[in-house]
Each structure stands twice: as C-alpha cells, then as structure tokens.
Amino acid sequence: MDISKWTVHEMLKHISELPAKDRGSALHTIAGLKPYLQNILQITYHKNYTFTLPEGDPPYTPMNVPTNMGMNRLPHEMRKFRYFVNNNDLQPMKREKIFIEMLEALSPEESTLVLMMKSKKLSGPYKNITRKLVEESIPHILEGEV
C-alpha cells in the first residue's frame, strides 16, 4: 500500500473502512507519516480551535473536473486555515471569500471534508474517525484543551 499519492479523502476513507481493531494503529501510523493529517484532525477535534466563519455551508460551486486534474490538494491549502481558525484580524467578507475560493479549488471530496472540519465532526465516508479514536491513537494533538 503506497499512501504517498493518496489524497486526504482516500486516507481517511481507508482508515474508516478498516475493522475497528485496526483503525487506531492505522491512524497512528499514517498520521505519523503525514503530519498534515494530524493538523486536519487537530483542527477538527481540538476544542480550542474554532472557525471564525458563519454557521452552515457557504454558497460555492464544487469543482467539476476529472479526479486529480486541475485541483489543489488540501495539504497545500492548509496554510490558509490561519484565516479561518481563531482569527478576528481579517474582515469577515474577506475571510469568507478566501474560504469559498479554497473550497472551489479543492476536489469535491476534500471540499466536503473541509466543511466537516468546520462543523467539528467527520461523517459519511469517515464516520469511524471519531474524536475517541483520535484521543486513543494520537492523543498529543488534543493536549492543552480548556
């Protein structure tokens, strides 16, 4: 299994589909190899991270191109999260515009994942990647919660 070319969506879907007894070790291993996966799970489940965006999904047009063609990858876009998480320095309209542009530049699966991160709960194809699984597998990313 060569995960080096997998998207974040593919990694999380793979882990979620594993038998329950194998999910924790797979999450620990893959998150160790791909630190951006730790960042995604930390933003999703750490209680100190809050999105400074309006509730609900914004109006955006999902990208309609063949898989892996002409789209950005979520790890590349992670640097933009500084505008959306715990940030009040940016004008709300500018922040929302950057967020929508990012969603429209990602694959539909990764855009959906970002919206799940914003809602602080993974569901659908990742329903087995729970906060409890993260606490047990990679607890250090949730340290310092208040």
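For semi-axes √(5λ) of the Cα gyration tensor in Å, pick the label among [x] 28, 16, 14; [y] 42, 31, 11; [z] 24, 20, 12 that corresponds to the value derived from the coordinates. Computed from the coordinates, semi-axes √(5λ) of the Cα gyration tensor in Å corresponds to [z].
Based on Cα contacts under 8 Å between residues 6+ apart, the chain shows a relative contact order of 39 percent.
For the chain, modelled as a GNM whose springs connect Cα atoms under 10 angstrom apart, the maximal fluctuation among Leu41, Leu133, Leu74 occurs at Leu133. Spatially, the range 5-30 and the range 113-134 are offset by 13 Å when compared through their Cα centroids. Solvent-accessible area of the chain (1.4 angstrom probe, protein heavy atoms only): carbon and sulfur portion equals 54 percent. Put a dot 7 Å past the Cα of Lys21, heading toward its Cβ, do the same for Tyr36, and the two dots end up 3.4 nm apart. Of the residues Glu110, Glu55, Glu135, the one that moves most in a GNM of the chain with alpha-carbon contacts below 10 Å is Glu55. The count of lysine pairs in the chain that are at least 8 places apart or cross chains, and whose C-alpha atoms lie under 16 Å apart, stands at 19.
Within the listed set Pro108, Pro125, Pro92, the residue fluctuating most in the Gaussian network model of the chain (springs between alpha-carbon atoms under 10 angstrom) is Pro92. Accessible area per residue for the range 14-128 in Å², computed with a 1.4 Å probe and the full protein assembly in place, what is it? Here the residues of the range 14-128 average 54 Å² of exposed surface. Every helix of 4 or more DSSP H residues in the chain counts as -39500 (n - 2.57), and over all residues that averages to -15000 deg cm²/dmol at 222 nm. Label separation (Tyr49 vs Met93): 2.9 nm, computed from points 7 Å beyond Cα along the C-beta direction.
The values are calculated or read from the model by the stated rules, or taken from the named source; none is laboratory data. Values in this document were obtained by computation on a predicted structure and should not be read as measured data. All Cβ positions, even for glycine, are placed from backbone atoms using ideal geometry, and neighbour counts span all protein chains on display. Just so you know, the surface numbers come from the protein's heavy atoms only, side chains and all, with ligands and any DNA or RNA stripped out. Shrake-Rupley method; radii C 1.70, N 1.55, O 1.52, S 1.80 Å.
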